[in-house]
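Notes follow the structure.
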Amino acid sequence: MEQVPLKVNETPTSQQSLTAETYLGAGLGLKAEHLDDILAMPMAEETGTSNRLWFEVHTENYFVAGGPRLNYLRSIRENYDLSFHGVGGSLGYDHQSMPEHIKQVKALIDEFQPALVSEHAVWSRSGGAYFADLMPLPRTQDALQSLVEGIDRYQSGIGRRILIENPSNYLDFTSEMDEPQFLVEAAHRSGCGLLIDINNLYISSKNTGIDAEKYLSQIPADLVGEIHMAGHDPDPELGQALLIDSHAADIETPVWDLLAYALSLFGHKPVLIERDANIPPFAELMNERATAQGYLDQYRSHATLSNAFQKEAR
């Protein structure tokens with residue numbers, strides 16, 4: 001059956017997600033430890049159209065009827081753009097439980113109007129049981145079709161275009177297509193976009209031998225709506241032979257280098273700094289955010305200079 005891209009990207013709220021890359025700069029994952037620090041920050045005057053600070057939350061953490069958690073999020077939303085990043089959608093498999101899950105996601109989207117909405121291109125449910133993990137899909141035609149169906153259900157349910165994130169790979173396995181082809185085809189069939197997690201890609205390159213730069217070169221820039229950056233740790237027993245996507249450490253230099261390469265291919269995209277364990281003081285995360293914003297500003301300066309030279313040459 002021919003796959004027809006969804007038309008949800010024609011709605012006003014999803015148009016916001018399509019243009020977010022033009023005004024969002026580097027953002028941070030929102031952590032409870034930092035809420036008071038954030039609310040105490042003076043509002044900075046906007047000095048440009050592509051450096052705005054924003055915050056991302058794991059959507060499922062706000063599946064509550066009320067209370068201080070939602071009230072804090074409302075206070076943050078008054079001053080900052082939000083991104084909703086799901087971790088429990090299981091887009092790739094076992095979609096029977098999706099309607100109730102999507103209903104809760106949509107209620108949050110309707111209230112908070114996030115600039116971006118994303119999920120993982122993985123599976124985490126089977127036989128009705130939920131596994132608290134983000135497991136890569138076998139890159140087969142059957143798995144691709146299941147992923148597309150999951151994305152279609154999700155997008156139709158929330159009335160928004162979403163971004164899907166590339167997984168961390170710890171083992172190599174036989175596949176019918178490589179990962180960029182798999183994700184790009186899923187995006188083309190469903191009408192979704194892509195969230196490129198640079199740390200996931202770096203980990204996969206070290207764990208399974210993926211060529212990270214070749215991988216990025218196969219991703220169309222117009223499909224990319226967001227970039228994630230995070231730290232990783234070596235496995236306690238295997239060391240550097242197996243890297244773990246811990247989100248518990250500072251971002252290492254090779255991952256920053258890969259971000260620079262990605263920006264040279266994709267152009268300016270919102271970049272998120274993730275930290276989910278071993279949480280440092282807010283000021284330290286703001287320093288990492290400043291580094292990411294520096295990469296974005298540097299890319300924009302180079303792009304502006306290049307455009308000026310091109311105009312003079314005409």
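The values are calculated or read from the model by the stated rules, or taken from the named source; none is laboratory data. As the structure is a prediction and not an experimental result, all values here were calculated from the model. Please note: Cβ atoms are built from the backbone with ideal geometry, for glycine as well, and neighbour counts cover all protein chains shown. Side chains included, ligands, DNA and RNA excluded: accessible areas come from the protein's heavy atoms. Shrake-Rupley method; radii C 1.70, N 1.55, O 1.52, S 1.80 Å.
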**Message:** Check which residues have an amide H placed less than 5 Å from GLY89's amide H, if you skip close sequence neighbours.
**Reply:** HIS120
**Request:** Give the residue from SER204, TYR170, SER118 lying farthest towards the positive end of the charge dipole for region 117-261; charges sit on Cβ (+1 for Lys and Arg, -1 for Asp and Glu) and the dipole is referred to the Cα centre.
**Result:** SER118
**Where a label projected 7 Å from the Cα of GLU213 along Cα→Cβ would reach, residues of region 230-263 with amide N under 18 Å** = 253-263
**Message:** Suppose each label sits 7 Å from its Cα in the direction of the beta carbon; what would the ASN278-ASP222 distance come out to in nanometres?
**Reply:** 4.2
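What does the C-alpha gyration tensor say about the overall shape of region 166-314? Classify as rounded when a/c is under 1.5, otherwise prolate if a/b is larger than b/c, or oblate. Kindly include the intermediate steps, with their values, before the conclusion.
Numbers: a/c = 2.04, a/b = 1.21, b/c = 1.69.
Verdict is oblate for region 166-314.
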**Message:** Accessible area per residue for region 151-272 in Å², computed with a 1.4 Å probe and the full protein assembly in place, what is it?
**Reply:** 36
**Asked** Got a sec to turn the phi values of region 203-214 into Karplus ³J(HN,Hα) couplings, 6.51 cos²θ - 1.76 cosθ + 1.60 with θ = phi - 60°, whole Hz, x for Gly and Pro?
**Response** 4, 4, 5, 7, 7, 10, x, 4, 7, 5, 5, 4
**Selection from LEU258, MET229, VAL184 lying farthest towards where the dipole of region 174-290 points positive, charges on Cβ** = VAL184
**Prompt:** So who's got an amide H within less than 5 Å of the one on VAL224, skipping anything under 5 residues away but keeping other chains? H placed 1.01 Å off N, in plane.
**Reply:** LEU194
**Asked** Amide H to amide H, which residues 5 or more places from ARG160 or on other chains are under 5 Å from it, using H placed in the peptide plane?
**Response** none
**Request:** Rounded to the nearest 0.05, what FRET efficiency do SER156 and LEU70 give with R0 = 22 Å and r taken as the Cβ-Cβ distance? Could you check?
**Result:** 0.30
**Message:** Through the Karplus equation 6.51 cos²θ - 1.76 cosθ + 1.60, θ set to phi - 60°, convert the phi angles of region 235-241 into ³J(HN,Hα) values in whole Hz; use x for Gly and Pro.
**Reply:** 4, x, 9, 8, x, 5, 5
**Prompt:** Taking Cα pairs under 8 Å and at least six residues apart, what relative contact order does region 149-220 come out at, in percent?
**Reply:** 40
**Request:** Give me the distance between the Cα centres of region 53-107 and region 136-173, rounded to whole Å.
**Result:** 19
**Complete:** Note on region 232-302: contact order normalised by length, alpha-carbon pairs under 8 Å, 6 or more apart, percent, works out to 29
**Request:** Could you calculate the contour length gain from LEU265 to ALA290, that is, 0.36 nm times the residue separation minus the distance between their Cα atoms, to one decimal place in nm?
**Result:** 6.9 nm
